[in-house]
Amino acid sequence: MSFTSNFQKQIFICLVCCFLFTANYSFSQKREVKVDETLKAKKWYDNINIRGYAQIRYNKLFETNSNLGCEQCDKSWGGTNSFFIRRGRIVFSGDVHERVYIYVQPDFASAAGTTNMIFQIRDAYFDLSLDSKKEYRFRFGQSKVPYGFENMQSSQNRLALDRNDALNSAVSNERDLGVFFYWAPKNKRELFSKLVNTGLKGSGDYGIFGIGFYNGQTANRPEANNNQHLAARISYPFELNNSQILETSIQGYKGKYVVNTKTSGVTTLSNAEYNDDRIAASIIVYPQPFGIQMEYNIGTGPEYDKITNSIQQKNLYGGYIQAMYNVKINKQNLFPFVKYQTYNGGKKHELDARSYDVNDLEIGLEWQPIKNFELVADYTISNRQYEDAILKNNIQKGSLLRLQAQFNF
């Protein structure tokens, strides 16, 4: 074999080896890229968002009556209390599937008896959308009952430090365990989100129409009679020609409530079970810059009667009106507000379905120097009569300046 022939063979073998090496390297690269893309594929937990807020309060400035308080509103109001962490919440939420949304909110600053710091679940619900636009959805779990604008408005967004007694007495902690159906067209869902995200003190997205069943004994309490409550709500936001937004709502619920906290010797109806029925109307003019918020409800429920030392079925009524103004100064937000509320009726979830006659006036200011911090000063003038088997002929009047520092994260 000639030298030329051998040399050509060697060149040929070298070219084949180079080809095979190059092909193998290219294949390996493609395989590695494919593996990398697989590794980069999103998992459901990659879609979970984490946010939260904390509220620290002080209710002792210019206090004229330490016996004046509100168990449902704020347990640090009155008595010998001082600084208090009213709320400490972290929210875990997100779309784990194109049709499934989760929302879990624990509270690390709840109060129970003599203990101020206990862990408690506020929300734990799961939305199942029936369509790609998410206009039709079912909500399963513990969530807010669709009753009352201020009840559904997050405490992170609310101006006054506490919700009004009249509508908030319907659902303690605003939540219960059940199943709800919500519907709203996509453009209205986007508007509901805008009213919260732009700082206009919206209540969130609870649909144009909502209906559902829930236990009825309020959040974190077991069902007592296997008789679920039915709630329904219709709400519609109107965008006016002057860019103002008006929202009107009507809502109601019906069920049977079992009074399970009472003083020895207090008599009740059979099985301590009472009709628990209400209806309410809401009108909201969002602050652009002037706004007004008002709600009123009527109904029937259990209420303590001191003459007979019993819990009776009685009528209830009450509501509130709040005027507010949205001022922006050098990228800082100021919200002066005035709120008046009245309520006459029982609070079913308190001892002996405590009887109330409330007339309160609040004058306040919320200051937001930065997105992550808010300071509220709320001067409260209160006239409250609240009575049970232990607190008889209990009328408390007084005033105080209440302060709250809120941190958003």
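Below are the figures for this structure:
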read-out: Anchor residue 328: lysines whose Cα lies under 26 Å away (excluding residues fewer than 8 positions away in-chain); value: 194, 201, 339, 371
read-out: Leading residue at positive end of dipole, the chain (Cβ point charges), from 206, 324, 291; value: 206
read-out: Global form of the range 132-236, assessed from the alpha-carbon gyration tensor, a/c cut-off 1.5; value: oblate
read-out: Whole-Hz ³J(HN,Hα) from phi, Karplus 6.51 cos²θ - 1.76 cosθ + 1.60, for the range 274-286, glycine and proline x; value: 9, 5, 10, 10, 8, 9, 9, 10, 9, 9, 10, 10, 5
read-out: Cut-off under 5 Å, modelled amide H: who pairs with residue 86 long-range; value: 55, 56, 57
read-out: Karplus 3J(HN,Hα) series, Hz, for the range 172-185 with 6.51 cos²θ - 1.76 cosθ + 1.60 (x for Gly, Pro); value: 4, 6, 6, 10, 6, 9, x, 10, 10, 10, 10, 9, 6, x
read-out: Selected from 173, 271, 315 as most flexible by GNM, with the chain as the system and alpha-carbon contacts under 10 Å; value: 271
read-out: Accessible-area composition of the chain, carbon plus sulfur, in percent [1.4 Å probe]; value: 61
read-out: Amide H within-cut-off set for residue 137, under 5 Å, with H built and near neighbours excluded; value: 130, 182
read-out: Cβ-placed point charges (K, R +1; D, E -1), dipole of the range 81-223 about Cα centre in debye, nearest 20; value: 280
read-out: Within the chain, helix-based [θ] at 222 nm, where runs of 4 or more DSSP H residues each add -39,500 (n - 2.57), nearest 500; value: -4500 deg cm²/dmol
read-out: Cβ charges +1 (Lys, Arg) and -1 (Asp, Glu), total dipole of the chain, debye; value: 1100
read-out: Separation between Cα centres of the range 187-211 and the range 390-409, rounded to whole Å; value: 30
read-out: Listed residue (129, 76, 304) projecting farthest to the positive dipole end of the chain, Cβ model; value: 129
read-out: Correct choice for percent of Cα pairs over 39 Å apart that was computed from the model, options (i) 14; (ii) 27; (iii) 52; value: (ii)
read-out: 3J(HN,Hα) from dihedral phi, the range 124-139, Karplus parametrisation 6.51/-1.76/1.60, rounded to Hz, x for glycine, proline; value: 7, 9, 9, 9, 10, 7, 8, 9, 5, 7, 6, 7, 10, 8, 9, 10
read-out: Distant-in-sequence amide H partners of residue 63 (H built 1.01 Å from N, under 5 Å); value: 401
read-out: For the chain, share of DSSP beta bridges that run antiparallel, in % to the nearest 5; value: 100
read-out: Assigned charges on the beta-carbon of Lys, Arg, Asp, Glu; the range 183-256 dipole about Cα centre (debye); value: 140
read-out: Cβ-based charge dipole, the range 116-187, positive-most Cα from 155, 119, 138; value: 138
read-out: Whole-number accessible area per residue in Å² for the range 71-208, which is evaluated in the context of all protein chains at 1.4 Å; value: 37
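The values are calculated or read from the model by the stated rules, or taken from the named source; none is laboratory data. None of the values given here were measured: they were computed from a predicted structure. Backbone-built Cβ (ideal geometry, glycine too); neighbour counts: all protein chains shown. Remember, those area values only see protein heavy atoms, side chains included, never the ligands or the DNA or RNA. Shrake-Rupley method; radii C 1.70, N 1.55, O 1.52, S 1.80 Å.
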